[in-house]
Amino acid sequence: MSLNLEEKKAVVAEVSAQVAEAQAIILAEYRGLEVGDLTQLRAQARKSGVYLRVLKNTLVRRAVDGTPFSGLANEMVGPLMFGISTDPVAAAKVLNDFAKSNDKFVIKAGAMPNQVMDVNAVKALATMPSREELLSKLLGTMQAPIAKFVRTLNEVPTGFVRGLAAVRDQKAA
């Protein structure tokens, strides 16, 4: 089904809006996958906040032209699915996890602003912790000295109460 000029302009505008806010774009070949598998992938992508579409390469080339992702245009060959996300790890993680369980789904390339990545770099990106995990680790690290200080301060009255209890038990005996 071919698109008329107005529909193509709308698709390019929609993809351009996604690319303007994107931190990562991942390209994957989906040839030979069943519809049920693609539906599962789309549901997982939606849950992770990844914009996932099958688009014509020429339309995406126009959308990324003049952006930090313009180097990715050379990799756009064949039937591709595009995963675009504002979290640099989310798109790589979703597509890499799906590729592990489906042999016909092949990650071709990826890009972060001003940097085109090969398949190995995309897989390495997928193994990194997500933004939420990193923030929780940072918060735990920041809270550790305060929590230890509070426990230390709490030991003084606790030790005093234990001493009083020991004296009381000794007098009772």
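The values are calculated or read from the model by the stated rules, or taken from the named source; none is laboratory data. Please read these numbers as outputs of a predicted model, since none were measured by experiment. Quick reminder, even Gly has a Cβ in these numbers, built from the backbone with ideal geometry, and neighbours come from all protein chains shown.
Name the single residue that is modelled with the lowest pLDDT among those in the stretch 29-58 being assigned to a loop (DSSP other than H, G, I, E, B) and not small (G, A, S).
Filtering first and then ranking leaves L33.
Checking the conditions here, which among A147, A126, A111, A165 is surrounded by 13 or more Cβ atoms within 10 Å (Cβ to Cβ), in a helix (DSSP H, G or I) and not polar (S, T, N, Q)?
Selected residue: A126, the only one of A147, A126, A111, A165 that is surrounded by 13 or more Cβ atoms within 10 Å (Cβ to Cβ), in a helix (DSSP H, G or I) and not polar (S, T, N, Q).
Scan the stretch 10-28 and give yes if some residue there is more than 15 Å from the chain's Cα centre (by Cα), more than 26 Å from M112 (Cβ to Cβ) and not in a loop (DSSP other than H, G, I, E, B), otherwise no.
The answer is yes; a qualifying residue exists.
For the stretch 60-93, give me each residue that is surrounded by fewer than 19 Cβ atoms within 10 Å (Cβ to Cβ), in contact with a helix residue (DSSP H, G or I) (Cβ under 6 Å, 6 or more places away or on another chain) and either closer than 14 Å to A17 by Cα or not assigned by TED's automatic domain parsing to the domain that holds Y30 (or both).
R61, R62, T67, T86
Considering each of K108, K47, K8 in turn, give the residue that is charged (D, E, K, R) and free of Cβ contacts under 8 Å to residues at least 24 places away in the same chain.
Exactly one residue qualifies, and that residue is K47.
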